[in-house]
Each structure stands twice: as C-alpha cells, then as structure tokens.
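To start, the structure itself, in structure tokens.
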Amino acid sequence: MYCLQWLLPVLLIPKPLNPALWFSHSMFMGFYLLSFLLERKPCTICALVFLAALFLICYSCWGNCFLYHCTGSQLPESAHDPSIVGT
C-alpha cells in the first residue's frame, strides 16, 4: 500500500472556484494520474482502492470530483465574489 501515498492526495486537491479553470484542472489531474500509472505501475490493490474512492466521490457529487461538475451541486457563495474570481 506504499503507492497509495502518492494517489490519495490527488483526491484532496480542491477544484478551482472559477469555472473557466475546471477544464485545465481536470486535464492536469488526468495527465498526472495517467503518467503516475504508467511510470510507477502501482499494485492492483492500490489502483482498485483509488478508483473505487474516485468513483464514490464522483458518484456522490460532493463537489470535489475533478472529472466533471455535477449539475445538481451549487457553486460556493464565494464563487460569485468578483474580488476572488476576477473577470
């Protein structure tokens, strides 16, 4: 389970508040995971545990899924603040 220490922090990285950056963020995370899986070749158990955790987070729509934005979840109130998001 040594390889999980490099995979689990990926689930804790928050999505940016600015919706314009969601695509860049998801591409970066996808390429990081792909390169990690190809370079480090984690064991099957670690890969399955990580994919199960990723599936559960994205399926529950808690708002931290980096693959897509759930249609039912709302943006935080600070996302509408122009001083944080910008133009």
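The values are calculated or read from the model by the stated rules, or taken from the named source; none is laboratory data. All values reported here derive from a predicted model rather than from experimental measurement. When we count neighbours, we look across all protein chains shown, and the Cβ atoms used for this are built from the backbone with ideal geometry, even at glycine. The accessibility values were calculated without ligands, DNA or RNA, using every heavy atom of the protein model including side chains. Shrake-Rupley method; radii C 1.70, N 1.55, O 1.52, S 1.80 Å.
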Considering only the range 1-34, state which residues are farther than 18 Å from VAL49 by Cα and part of a helix (DSSP H, G or I). PRO19, ALA20, LEU21, TRP22, PHE23, SER24, HIS25, SER26, MET27, PHE28, PHE31
I want to confirm something. Restricting to the range 17-30 and keeping residues that are among the small types (Gly, Ala, Ser) and within 11 Å of the chain's Cα centre (by Cα), which single residue is surrounded by the fewest Cβ atoms within 10 Å (Cβ to Cβ)? GLY30
Residue tally, condition over 13 Å from the mean Cα position of the chain (by Cα) and open to solvent by less than 100 Å² (accessible area, probe 1.4 Å), over the range 1-16: 3
Could you list, ordered by first residue, the pairs with Cβ atoms under 7 Å in which the first is in the range 41-54 and open to solvent by less than 30 Å² (accessible area, probe 1.4 Å) and the second is in a loop (DSSP other than H, G, I, E, B) and not aromatic (Phe, Trp, Tyr), at least 6 apart or interchain? PRO42/CYS3; CYS46/MET1; CYS46/CYS3
